[in-house]
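Undergrad: Please find one structure pasted underneath; my questions will follow.
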Amino acid sequence: MSEEIKSGLLSRRRAISLLGVAVARAASLAGVGALGLAVPTAVLTTSEEAEAQTAGMVRRQERRGARRERRETRREARRAGRETRRAVRRGTAPQ
């Protein structure tokens, strides 16, 4: 029973990812790329900057980008506020 539960913890996406990593590793150790072609190992790995493949993924990336921009705006505002308050405490701020 415990073996069945443990195997259920590995999702299909994770299993395919692990399989791809194993194949890439085996190919790099053998000095051969995919399908017997000489391919650098860097080409066999996935990129963090991969482009979206579906409309849903595009929307998700747009939302993530918008969140990042809002977060950076808030951080800049906080930073500017801190600098202003420090300057006032030190007596160097124009009043």
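The values are calculated or read from the model by the stated rules, or taken from the named source; none is laboratory data. Quick caveat: nothing in here was measured; it's all calculated off a predicted structure.
Undergrad: For the structure I just gave you, tell me whether residue 35 is modelled with pLDDT under 65 and on the phi > 0 side of the Ramachandran plot. If you could, list the steps in order and put the result at the bottom.
TA: Numbers: modelled with pLDDT under 65: yes; on the phi > 0 side of the Ramachandran plot: yes.
Answer is yes for this residue.
Undergrad: Got at least one residue in the range 69-85 being in a loop (DSSP other than H, G, I, E, B) and either of a type outside the set (Asp, Glu) or modelled with pLDDT under 95 (or both)?
TA: no
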